[in-house]
1. Among SER80, SER121, what's the order by accessible area (1.4 angstrom probe), most exposed first?
2. At a probe size of 1.4 Å, how large is the accessible area of THR96, to the nearest 10 Å²?
3. On a full-extension model of 0.36 nm per residue, what is the gain between ASP14 and ARG97, subtracting their alpha-carbon distance, rounded to one decimal in nm?
4. Dipole magnitude of the stretch 43-100 about its Cα centre, charges +1 at Lys/Arg Cβ and -1 at Asp/Glu Cβ only, in debye to the nearest 20?
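The values are calculated or read from the model by the stated rules, or taken from the named source; none is laboratory data. Computed from a predicted structure; not experimentally measured. Positions of Cβ are backbone-derived with ideal geometry, glycine not excepted, and every protein chain shown enters the neighbour counts. Side chains are part of the model used for accessible areas, which takes the heavy atoms of the whole protein and leaves out ligands, DNA and RNA. Shrake-Rupley method; radii C 1.70, N 1.55, O 1.52, S 1.80 Å.
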Amino acid sequence: RCRDPKMGSELTEDWNPLEAGLLGRCLDVEKGCSIGQEVIKRVHAKNGITRRLWGLSSEGLLQEGEDILHEGKKVGTVTSACEVAGGSVALGYIRTRMAGAPFSAEGKALSVGGVVATGASLTYTDYPTALGEGEG
């Protein structure tokens, strides 16, 4: 389950739910009244996210906290990583614009701690669960 966002890593106060890709999965900007809803709705209306959550894969070892680089420039940060057969997978927040133009990490060769990684969009099959829920 290395490619699922987790509380305390990808789902923290440092990132908003739109950046985590939770719109339509765990978030409805039109429904009810909740803490922060007005701000999220405003950001959504302006398409104002400046970064989004991406998956990363590599034949090398990716580590949490490492900078994500594209063409030598920092575009993001790895938020969690784990080893898998043949390498590692990770999640990280990556900027949505680079040099004033839209930027997509999809299929791009990125550098993470000197290791080549490939960016990939995420598809969620479940809602993220609270830390510790469903474990044990």
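1. Largest accessible area first, the residues go SER121, SER80.
2. Estimated to the nearest 10 Å², THR96 gives 30 Å².
3. Values: separation 83, 0.36 × 83 = 29.88 nm, distance 1.88 nm.
Net length gain for the segment: 28.0 nm.
4. Working: 7 positive and 6 negative charges, 112 e Å.
With only Lys, Arg, Asp and Glu charged at Cβ, the dipole is about 540 debye.
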